[in-house]
Amino acid sequence: MATKSTFSKSEIRKDNPIFSSFRSVVETSMYGNNTTEIKTTEEAYLLAKDSMHTIVTDLIVKHPEKLGLPYGANVLVENGGAVVGRTAAAKRILGENLEEDAKLAPIIREAIYQGENKMRYKATAYVGLDPDFMVKAHLSVPVGQENNLYSWLLNFQICNEVYDELYVQSRAINEGDILIYQNPEWHHPDYPMGLAYFDSKHNAAIILGMNYFGELKKATLTLAWGTAHRLGYVACHGGQKKFTLTNGKNYVSAFFGLSGSGKSTLTHAKHENKYAVEVLHDDAFIVSLEDGSSIALEPAYFDKTQDYPSNHPEIDYFVTVQNVAVTLDENGDKVLLTEDLRNGNGRTIKSRYSTSNRVDKFNEPIDAIYWIMKDESLPPVIKVTDPVLAATFGATLATKRSTAERLKKGIDINKLVIEPYANPFRIYPLKEDYNHFKALFTNQSIDCYILNTGYFLDKKVTAAVTLSSIESIVEGRAEFRSFGTGNELSYLVVEDYEFDFNNPEYRKLVQERLQMRVAYIQEQNKTNKMNLLPEEALEAMQSLLD
């Protein structure tokens, strides 16, 4: 599916649904005399390498020729200051608050007008790696953001001969290209944490007052997911992999969780090579409601560095690094000092070649969806058999925040929170996601599991326990027992994680967590039209609680 970059004069009309006032302001800014277009990753690399904000390490990028980089290209580091994570509180969606939209319209125009006092760069990339879904995206950043521009081109797919040809094969759709404008030096007293403002229906966004690369990555994905959603795909913030068993049977699994929940670990695990494993992606993909196939949206990975000490083999695949310390090794070479010593949420753009078993599309439908939670009331694995309840648990996914997010003052990072479908980047009503996931569970008979990767009561659920549990499910030898008195939930029998469901204290804890979900649905239905859920979702959760 190909978006529209140009228009015949007869199409250039105010009533063309691709255009909007907001989009026109953003797009027009990209054609000014102060803007230089960067067309290759090599150009972007050389700009970033020479930027005054850059640390050029003595680490060499692996497979530079495949990334469009010069031989001997170095791994580049750029560090921020106080802010090292994404600011969810800065997000606004045009149309949600008409009064604020009216207030913001002149503010946005003034921000772009003031931004014309500085030279800027523009670059273009594809989001989506298969002709069935490829949208074109354009990013405009000011001088000083060379590293973010370079990382963005690495994270998505820069336009080249191979992907240009795939894009030509794509079916044209009546959607405009994605347009994103950034100015990190913007300040406004009414938006002290910055502003990420989305015109979701017209594929345009402006990122103001924020320097963190994750804002650009997630803004791009946010609009791409929104486009895919309108075209009959399920937008997925998660990881997906395919197991091929020794008997030749395939098993496709999808893991949904917030950053730090373990979704990347589960997606990339090789399971001691017991099976042939292929990986679609560990963060962003879409699923077709028509045939169940899945498409990756990005070639690279925006990975945490906390688990990669200096001698870890994964560092060989780092290309750019953010918010990570640098030191000298025994040869006097500048190398990375990781493990989040400098600050939380150290990050890297890691090339796709870190995963030898990467693919860009799975034609096979998904066999199972795993909601990853951190809720000490839950055993390591719960199976959900009712499609309504399966979709409802996804809509009330309970977990904990991580250092990947910049939180408002007073918010406890260890507090259990609900993030529907582990996707804080949604820009359309929650009930639409609910209906899409319910359709997957109903029409395609996908199994649903809840994985607790936090603590069960006071005992940590280790990665080894989670991985072995998944293996037992994949191999068809998992033993499940009824969880409670109903038939909708059952738990996986796991050694050393036994419990007494008749224990009144434990039953009280389970009831409290189910009540938390009921209260969330009731509150959102009263106060937040974007998070409104169908009555059947509330009834299913209430029935379970009863």
Would it be correct to say that Lys66 is in contact (Cβ under 8 Å) with a residue 40 or more places away in the chain and assigned to a helix (DSSP H, G or I)?
-> yes
Search result, residues across the range 229-265 that are open to solvent by less than 30 Å² (accessible area, probe 1.4 Å) and of a type in the set (Val, Ile, Thr) = Val234, Val252
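Being assigned to a strand (DSSP E or B) and closer than 22 Å to Met134 by Cβ narrows it down to one of Thr36, Thr3, so name that one.
Thr3
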Scanning the range 6-33 for residues that are in a loop (DSSP other than H, G, I, E, B) and acidic (Asp, Glu), the one most open to solvent (accessible area, probe 1.4 Å) turns out to be Asp15
What are the residues in the range 328-365 that are more than 19 Å from the chain's Cα centre (by Cα), part of a loop (DSSP other than H, G, I, E, B) and aliphatic (A, V, I, L, M), if any?
-> Leu341
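Pull up the range 493-509, narrow it to residues that are surrounded by fewer than 17 Cβ atoms within 10 Å (Cβ to Cβ) and touching a residue at least 24 places away in the same chain (Cβ under 8 Å), then point me to the one that is nearest to Val461 (Cα to Cα). Give the steps one after another, and end with the answer.
Looking only at the range 493-509, we keep the residues that are surrounded by fewer than 17 Cβ atoms within 10 Å (Cβ to Cβ), and these are 493, 495-496, 498-509.
Narrowing further to those that are touching a residue at least 24 places away in the same chain (Cβ under 8 Å): 496, 499, 506, 509.
Working: Asp496: 10, Phe499: 14, Tyr506: 17, Leu509: 18 Å.
Out of the qualifying residues, it is Asp496.
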Out of the range 1-51, which residues are hydroxyl-bearing (Ser, Thr, Tyr) and either within 27 Å of Gln169 (Cα to Cα) or modelled with pLDDT under 95 (or both)?
-> Thr3, Ser5, Thr6, Ser8, Ser10, Thr40, Thr41
When you go through (1) at pLDDT 95 or above; (2) surrounded by fewer than 22 Cβ atoms within 10 Å (Cβ to Cβ); (3) touching a helix residue (DSSP H, G or I) at 6+ places or on another chain (Cβ under 6 Å); (4) not β-branched (Val, Ile, Thr) one by one for Ser200, which number turns out not to apply?
-> (1)
Free of Cβ contacts under 8 Å to residues at least 40 places away in the same chain, within 19 Å of Thr87 (Cβ to Cβ) and open to solvent by 20 Å² or more (accessible area, probe 1.4 Å) - does that describe any residue in the range 113-123?
-> no
Could you tell me which residue of the range 170-184 is modelled with the lowest pLDDT, considering only residues that are assigned to a loop (DSSP other than H, G, I, E, B) and surrounded by 15 or more Cβ atoms within 10 Å (Cβ to Cβ)?
-> Ser170
List the number of the failed condition for Glu78; all other conditions in (1) acidic (Asp, Glu); (2) out of contact with any Phe, Trp or Tyr (no Cβ under 8 Å at 6 or more places or on another chain); (3) open to solvent by 30 Å² or more (accessible area, probe 1.4 Å) hold.
-> (3)
Scanning the range 43-61 for residues that are more than 18 Å from Val324 (Cβ to Cβ) and either assigned to a helix (DSSP H, G or I) or in contact with a Ser or Thr (Cβ under 8 Å, 6 or more places away or on another chain) (or both), the one most open to solvent (accessible area, probe 1.4 Å) turns out to be Asp50
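Results for (1) within 25 Å of the chain's Cα centre (by Cα); (2) surrounded by 19 or more Cβ atoms within 10 Å (Cβ to Cβ); (3) more than 29 Å from Lys415 (Cα to Cα), shown as yes or no for each residue.
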residue: Tyr449; (1), (2), (3): yes, yes, no
residue: Asn452; (1), (2), (3): yes, yes, no
residue: Leu457; (1), (2), (3): no, no, no
residue: Lys460; (1), (2), (3): no, no, no
residue: Thr466; (1), (2), (3): yes, yes, no
residue: Ile473; (1), (2), (3): no, yes, yes
residue: Ala478; (1), (2), (3): no, no, yes
residue: Gly484; (1), (2), (3): no, no, no
Counting only residues that are closer than 15 Å to Lys4 by Cα and of a type in the set (A, V, I, L, M), the range 114-154 contains a total of 5
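Examine the range 319-331 for a residue that is within 25 Å of Gly68 (Cα to Cα) and among the acidic types (Asp, Glu), and state whether such a residue exists. Steps first, please.
Taking the range 319-331 first, the residues within 25 Å of Gly68 (Cα to Cα) are 319-324.
Now drop any that are not among the acidic types (Asp, Glu), which leaves none.
No, the range 319-331 has no match at all.
The values are calculated or read from the model by the stated rules, or taken from the named source; none is laboratory data. Since we're looking at a predicted model, the values are computed, not measured. A quick note on method: Cβ atoms are made from the backbone with ideal geometry, for glycine too, and the neighbour counts reach across all protein chains shown. The area values use the complete protein model at the heavy-atom level, side chains included, leaving out ligands, DNA and RNA. Shrake-Rupley method; radii C 1.70, N 1.55, O 1.52, S 1.80 Å.
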